[in-house]
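What follows is a single structure, written as structure tokens, with notes after it.
Rule-based calculations on the coordinates, nothing more; no lab input. Note that this is a predicted model, so its numbers are computed, not measured. Reconstructed Cβ throughout: ideal geometry from the backbone, glycine too, with neighbour counts over all protein chains shown.
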Amino acid sequence: MESKEEGGDAVCFFQMPVHYPRYTKEDYKKMPETLVDRLLAEYGLSVNGDLSFKRDFAMSTFLWPAGASVHSTPVTPSRPLH
């Protein structure tokens, strides 16, 4: 997140990353703290705690539940998208 002073008022900017993280549970379990912190910061998440807590938080935030799929239920618009 970036911030800039303009005329005494602080302005903050956040841009959501284009891609969703594609790490596995095993990746998160081995991920160094600096990478976990950077990943969470990219999504505007600031987490206080030890490395184990941060890894658990990242896994609960970014991993889909077992059996769930982004593409399991197709989305059909109710009207044409013109």
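Some notes on this structure:
- Prolate/oblate/rounded label for the stretch 18-62 (Cα gyration tensor, a/c 1.5): oblate
- Charge tally around LEU40: other residues with Cβ under 15 Å, Lys/Arg +1 each, Asp/Glu -1 each, net -3.
- For MET59, net neighbour charge (Lys/Arg +1, Asp/Glu -1) across residues whose Cβ lies under 14 Å away: +3
- The phi torsions of the stretch 37-44, fed into the Karplus equation with coefficients 6.51, -1.76 and 1.60 and a -60° offset, translate into couplings of 4, 5, 4, 5, 5, 4, 9, x Hz, rounded to whole numbers, with Gly and Pro shown as x.
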